[in-house]
Structures are given as structure tokens and as C-alpha cells.
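Q: Before we start, here is the structure in question, set down as C-alpha cells.
The values are calculated or read from the model by the stated rules, or taken from the named source; none is laboratory data. None of the values given here were measured: they were computed from a predicted structure. Please note: Cβ atoms are built from the backbone with ideal geometry, for glycine as well, and neighbour counts cover all protein chains shown. Protein only, heavy atoms only, side chains kept; ligands, DNA and RNA dropped before computing areas. Shrake-Rupley method; radii C 1.70, N 1.55, O 1.52, S 1.80 Å.
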Amino acid sequence: SSGINAEYGGKNHPLVASTMANLASVSYTMGDLKDAMKLNEEALEIQQACYSDAHPLIAVTIKNMAMIENSQGDYDKAKSLYERVLKMEEVIYGELHPAIASTLNNLADCVLEQGETAKAAVLFQRAMETNEIVFGRDHPDVARNLNNLGRAFKEMGDYDGAKSKLTSALQMKQKRYGDAHINLVPTLMNLGDLFNLTKQPNKAREVLSRALKITEKKIGMKHPDAAKILRLLGNSFYLMGDLSTSEKLLNKSLDILEQVYETDHPYVLATRADLGSCTRPGAAPRIF
């Protein structure tokens, strides 16, 4: 524990920072973003006192903080932190390194959330090419990059391109992990979103139900990903004309999101807007 490390090494010892960073990772996985940010900030303060500015552990901690800002919907802060990390990692590693590919991927995700779809696709592509050179084309990180490229294509309206990328990503993940691994969930969610957008709600319902089952078993129904899947499913039922079921699912999604995020978070606001759509005619609301 951090208390034991502090007792034997002092409060500013690297082991204390390492323990805090590990605890922050647990908090992040469980959806406790505030606690995760606090622990990362404390870890960073110790690391900056112990190491030079361009140190791998400092880069990792700042990257984790950027992930939290991105999850909280503060995309400007996240983008700034990711760009800071990218400069550090290029000094530390050079241009062809998995850490840089990871940062490019995360930066692209942030940029995509801001609506810069073409820029995001370029960054995702660069990340994938780096991973292909370093690991080969069958590596899980390449599958992750394909998933994110598919998401970018989806946001640009290239639904055929998106389906091709997402299907390939899912096949790669299933080959490596099997049919019920948590790493399949992001791709299943993106496919569900794509099927909703292309007015195929029955197909969307099938893949999203599978994603929800995996999520419930692996990380529980209080996690933000469970809320996102419920929202996507709610929109599937909306498209099928079952507004009552849609409303129930969206309310469940909102209940989870409000436990994790602030009331003005984009996901919270969007889900509230979806609930409003259940009481009036029109196209299904856009999915995040």
C-alpha cells in the first residue's frame, strides 16, 4: 500500500508514486474518475521531484491524466496533455515506438470527440502504421487501431469503410481473445452505432446485447461503458418504434452516467436529449 511505501521510503519516494499510479488505474477502471485524477496528480508531483522532465514514468502519468480529462468531456485539456506527452515521448523514444502509437491513438480519439474527423483519421492511421512496423499486422494494438479507424470513418459518413474496418477489428480480436473478452466491447459498440445509423436496429440490438452481456460479467453495470451500451440499445428500440423500452433503457443509462460524470458532461446532456426524443416523432438521436 502507499502507507507502507511512505513509511519505509518517505512520502516523496518513487515507490509511493508508483503505488498511487496503480491505485489511480484501479479507480479509473472502476469509473471513479475524480479519485483517479487526484491520485495521478499526487503521483506526478512526486515523480517531477524525482526525475527529469522527459522521463517515461512522468509521460505515463500525464497520459493517464489526459485519459481522465477526455473521459470527463474536457477535450481541450485532454488534447493539450496528449500533445505534451507526444513531445516528451518523441524525445525519449524516437518516432517508432509503441508508446508513441498509443499517444497518437489517444490524441486522435480526443480530436474525434471535438469533431475533427479527418485529422483523427490521419492520427489513427499513423498509430496503426507504427504498430504494424513494431509488432506486425496481427497484434492486438493493430486491431484497436482498426477499430478506431472504423469509428472515424463512421463519423465521416463512410459507412462501408467503417464496416470493413470494424469487421476486421472484431475478427482479429475474436481470434486472439475468444468470443467473450472485454476487449471486444468497443468494437461491438461501434458496430451497434453503425447499424443504428444505417437503419438496421435489429442487427444493432444483436451486437449491443452481446456487448452488454460481456460488460455486465466483466466490469459490472455501474461502469460508464454499460451506460453507453444501454443508450445505444435505447436508440435501437427507438428506431424499431418501441418507445417505452427505449425510454426505460435511456433512463438506466442516465442513472449510471449521473453517478460518474458532472451534470454538464456531454454524455449526460446527450442522453437527456435522447429521452426527450422518446416523446416526440423524428429521427433517432445521434449516438456518441
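Q: If S71 satisfies all but one of (1) at pLDDT below 95; (2) open to solvent by less than 10 Å² (accessible area, probe 1.4 Å); (3) of a type in the set (S, T, Y), what's the number of the condition it fails?
A: S71 satisfies every listed condition except (2).
Q: Could you check, for the range 207-228, whether at least one of its residues is among the hydrophobic types (A, V, I, L, M, F, W, C) and assigned to a loop (DSSP other than H, G, I, E, B)? First the steps, then the outcome.
A: Within the range 207-228, the subset among the hydrophobic types (A, V, I, L, M, F, W, C) is 207-208, 211-212, 214, 219, 221, 226-227.
Now restrict to residues that are assigned to a loop (DSSP other than H, G, I, E, B): 219, 221.
Scanning the range 207-228, I find at least one residue that is among the hydrophobic types (A, V, I, L, M, F, W, C) and assigned to a loop (DSSP other than H, G, I, E, B), so the answer is yes.
Q: Going by what's in this entry, would K119 be described as more than 29 Å from L57 (Cα to Cα) and either in contact with a Cys (Cβ under 8 Å, 6 or more places away or on another chain) or open to solvent by 50 Å² or more (accessible area, probe 1.4 Å) (or both)? Steps first, please.
A: Numbers: more than 29 Å from L57 (Cα to Cα): no; either in contact with a Cys (Cβ under 8 Å, 6 or more places away or on another chain) or open to solvent by 50 Å² or more (accessible area, probe 1.4 Å) (or both): yes.
So K119 does not fit the description; no.
Q: Here's another thing I want to ask about it. Just for the range 156-181: of the residues that are aliphatic (A, V, I, L, M) and surrounded by 16 or more Cβ atoms within 10 Å (Cβ to Cβ), which one is farthest from L230 (Cα to Cα)? Let's see the steps before the verdict.
A: Kept after step one, since they are aliphatic (A, V, I, L, M), are these residues of the range 156-181: 156, 162, 166, 169-170, 172, 180.
Now restrict to residues that are surrounded by 16 or more Cβ atoms within 10 Å (Cβ to Cβ): 162, 166, 169-170, 172.
Working: A162: 22, L166: 20, A169: 22, L170: 20, M172: 25 Å.
Ranking the candidates gives M172 first.
Q: Scan the range 144-155 and give yes if some residue there is free of Cβ contacts under 8 Å to residues at least 12 places away in the same chain, more than 15 Å from L208 (Cα to Cα), among the acidic types (D, E) and open to solvent by 20 Å² or more (accessible area, probe 1.4 Å), otherwise no. Show your work before the answer.
A: At the first step, the residues of the range 144-155 found to be free of Cβ contacts under 8 Å to residues at least 12 places away in the same chain are none.
Scanning the range 144-155, I find no residue that is free of Cβ contacts under 8 Å to residues at least 12 places away in the same chain, more than 15 Å from L208 (Cα to Cα), among the acidic types (D, E) and open to solvent by 20 Å² or more (accessible area, probe 1.4 Å), so the answer is no.
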